[in-house]
Amino acid sequence: MASISLAFGVVLSAAALAQSAQEGGKVKVEWLGHEFYRLTSPKGIVVLTSPWLGNPDGPIALADLTPTDFILVPNAHNDDMGNPIEIAAQSDATVITPGPLGRWLVSNGLKQEQFRRAGIGDRFTLKGITFKIAPSGHDNTLPSGADGGPSVAFFITFENGFTVFYNGHSTLLGDLPLYAALYKPDLAILGLAGDPPEFAQVARLLTNGNPKLKRVIPSHMRPDAVILKEGKKELDQLGLGNLMYVPKLRAIEEYP
């Protein structure tokens, strides 16, 4: 019987691989512009990242975002935060975000019961999805000018074990390899923004002790942006250029 060799050196028959995929299900990933992604679990649980409705490659209608179960807000910058209050109001979603930022959202219309505090180091499971909260190096100043607390990043593990790392913006931190070795993301959505070398180095850190990382999606940029070539060049210099993948807007892709 024909067999397929996986990157980890495990050999499975084609039939066993198909059966495993069927049992585990697929995670759907859809890019909605900028840092706005819709991740749908094998059981249909929907996670949104930084849902900026008015991003330059939108807009996205609220009606198109039902159902939504969780909204991940890494910090209070307009494009990193997006429109969690409006989306949560129509979908009854839970907003996962740092404490001070969450309290600010509640004071501006988010229902208290829809706020879940994301403290660095926290790990919790909701509706079968496990969220591990990691540190971020980005600013988190609230629109009021007050401190929004430490900015965060997220390891999201779905029911089938597939793990996505979403950093929101900046995570060039020394303890990131420890997180990567423990939580072993399969897919990383990394802010490219204005710093391609940092983007590439974050990807490198995520491979430390983690042979599972198979794809890096640049975020915080527009389709066909010149900076994409710069990001690829930086990854190539680290021998990681094969990891980079730029999805098409509104195209739904399935993993693993």
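What follows is calculated from the coordinates using simple rules that are stated; it is not laboratory data. Model, not experiment: these values are computed from the prediction. As a convention, Cβ positions derive from the backbone with ideal geometry for all residues, glycine included, and neighbour counts pool all protein chains shown.
Compute the helix-to-body angle for 196-207: its Cα long axis versus the longest principal axis of the chain, expressed 0 to 90° and rounded to tens. Long axis of 196-207 versus the principal axis of the chain: about 60 degrees. The long axis of helix 227-237 is offset from the longest Cα principal axis of the chain by roughly 40 degrees. The mean sequence separation of alpha-carbon pairs under 8 Å and at least six residues apart, normalised by the residue count of region 27-255, gives a relative contact order of 17 percent.
Can you list the GluC sites (Glu not before Pro) in region 80-183 that are in a DSSP coil and have 13 or fewer other beta carbons within 10 angstrom? Present the calculation step by step, with values, prior to reporting the outcome.
Details: sites: Glu86, Glu113, Glu159; in loops: Glu159.
Listed in order of number, the matching sites amount to none.
Which of Ser144, Ser170 comes first, and how do the rest follow, when ranked by fewest Cβ neighbours within 10 Å?
Numbers: Ser144 11, Ser170 22.
The fewest-first ordering by Cβ neighbours comes to Ser144, Ser170.
Using the Cα gyration tensor of region 101-205, with a ≥ b ≥ c the square roots of its eigenvalues, what is the shape: rounded (a/c below 1.5), prolate (a/b larger than b/c) or oblate (neither)? Oblate is the answer for region 101-205, as a/c is 1.5 or above yet b/c matches or exceeds a/b. So how far, in whole Å, is the C-alpha centre of region 168-185 from the one of region 77-123? Their Cα centres are 23 Å away from one another.
In region 140-256, what percentage of the DSSP-assigned beta bridges are antiparallel, given to the nearest 5?
Numbers: 5 of 14 bridges.
Taking every DSSP beta bridge with both residues in region 140-256, the antiparallel ones total about 35 percent.
Report, for the chain, the % of DSSP beta bridges that are antiparallel, rounded to 5.
60 percent
Averaging sequence separations of C-alpha pairs under 8 Å and six or more residues apart, then dividing by the length of region 140-213, give the relative contact order as a whole percent. Walk me through the intermediate numbers first.
Values: 108 pairs, mean separation 20.0, N = 74.
Normalised by residue count, the contact order of region 140-213 is 27 percent.
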